[in-house]
There are 2 protein chains.
Amino acid sequence: MRLADLATRSSISASTIKYYLRVGLLHPGQRQSSTWSIYDDSHLRRLALIRALSEVAGLPLESVRRVLEVVDDESVQLHDALGTAQWLLSSPVAQEPTSHSAQRVNSLIERHQWQLSPDSPHRRVLADALDRLDQLDFCPPDALLDQYAQMLSTIAASEVGPITTETDRASAIEHLVIGTLLYEPLLTTMRRMAHESDSAQRSKIS
Amino acid sequence: MRLADLATRSSISASTIKYYLRVGLLHPGQRQSSTWSIYDDSHLRRLALIRALSEVAGLPLESVRRVLEVVDDESVQLHDALGTAQWLLSSPVAQEPTSHSAQRVNSLIERHQWQLSPDSPHRRVLADALDRLDQLDFCPPDALLDQYAQMLSTIAASEVGPITTETDRASAIEHLVIGTLLYEPLLTTMRRMAHESDSAQRSKIS
């Protein structure tokens, strides 16, 4: 298809697509002459991915570019690609977490026998979130954290399992990296739904 | 305490606190003379709440103000306060979701007997998320959505239950509204941890 058709089918403007081509976020089409090229389904798919990362996951374009580099780099192992992408996507933690919260996170990881890299950014992010809740006098008890951890371990097996057995490396990495990120809005929205429903049931009883 | 002490103890600058006082985000202290007032723990707590909503939940100050209005309004019922706050905090959905995704969301709500207001914003937000994943050819099967829904229903009961039996209305509303929002980073961070761990275990086996 031509650029105009690619724009129509992807619902992304031709000028934005040209920009993506220029900065290398999108791979070039098959050049037909000095003025036009042909694009295919791989371009449509990449455009959808760029939009999902920027709009659904809320990433700035520079981070989108770095995630795509990892996805495209054949030398990166599946597990390392996930780690790199998650690292890129974790919001930086400004303050050093308190040792109390850092210790709670370590205990949690031990209790659930999670295999986390010592410099995994999630440790600091979680400890920081606990610190903030502590300041509000609203820190979750360990029992609730354990309930979260148990259910997320079960779910992770359902989510990660089918992907890592895929034979096509590129789509496996894409699915692993993107699935971790793009399913997050599903989970948070469905949690809000569950809260609304639970609260509605209680308000009827009382 | 004086304003300077409030600033020290809350780690928020005196000029920012003065701004919050001016726009009504923070209630006035007890006036001692034309030049100074005394502040107490209620001010510390409110400042921590403002910071949590703006920094942890990522809300613009205008939305923080609207959430606090609901928390402060004695005439608003617990359940309605939660609904209003969630409404304010849901990102607006630009496109009308496809009827296919809207139908999937309706079926999901029916299967799990969730009591959701017909105009709950979560319906559109979830349908929109499904549409985006559909475009990526990466839409979750109903089985996974059901797994999410089941576990979130169980967790919602643990989360909402203890709060709604609190006797102090103000703190119950505060906990319900804030808990729904501020625990989200815990859940998404712990999910990333579970993915990293699951992926690490699989990469050792293979």
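Key figures for this structure:
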item	result
Pair list, Cβ under 7 Å, 6 or more apart: the stretch B:110-121 residue more than 7 Å from chain A (Cβ to nearest Cβ), other residue open to solvent by 100 Å² or more (accessible area, probe 1.4 Å)	B:121/B:87
Residue match in the stretch A:187-200 (condition: modelled with pLDDT under 75 and open to solvent by 10 Å² or more (accessible area, probe 1.4 Å))	no
Residues being of a type in the set (D, E, K, R), within 11 Å of chain B (Cβ to nearest Cβ) and within 24 Å of residue B:193 (Cβ to Cβ) - total across the stretch A:37-83	1
Residues within the stretch A:134-158 that are at the interface with chain B (Cβ under 7 Å from one of its Cβ atoms), in a helix (DSSP H, G or I), open to solvent by less than 40 Å² (accessible area, probe 1.4 Å) and touching a Leu at 6+ places or on another chain (Cβ under 7 Å), tallied	2
Number of the exception - residue B:105 against (1) open to solvent by 20 Å² or more (accessible area, probe 1.4 Å); (2) of a type outside the set (Ser, Thr, Tyr); (3) on the phi < 0 side of the Ramachandran plot; (4) at pLDDT 90 or above	(1)
Hits in the stretch A:164-178 - residues which are more than 7 Å from chain B (Cβ to nearest Cβ), surrounded by fewer than 21 Cβ atoms within 10 Å (Cβ to Cβ) and either within 26 Å of residue A:64 (Cβ to Cβ) or at pLDDT 80 or above (or both)	A:166, A:168, A:169, A:170, A:171, A:172
Answer from A:44, A:26, A:49 - the residue that is under 15 Å from the mean Cα position of the chain (by Cα) and not charged (D, E, K, R)	A:49
The stretch A:38-63, subset small (Gly, Ala, Ser) and buried (at least 17 other Cβ atoms within 10 Å of the Cβ), residue farthest from residue B:126 (Cα to Cα)	A:48
Condition broken by residue A:189, with the remaining ones in (1) more than 7 Å from every other protein chain (Cβ to nearest Cβ); (2) polar (S, T, N, Q); (3) over 16 Å from residue B:195 (Cβ atoms) satisfied	(1)
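The values are calculated or read from the model by the stated rules, or taken from the named source; none is laboratory data. Model, not experiment: these values are computed from the prediction. Counting neighbours? That spans all protein chains shown, and the Cβs are built from the backbone with ideal geometry, glycine included. Please note that ligands, DNA and RNA were not included when accessible areas were found on the heavy atoms of the full protein model with its side chains. Shrake-Rupley method; radii C 1.70, N 1.55, O 1.52, S 1.80 Å.
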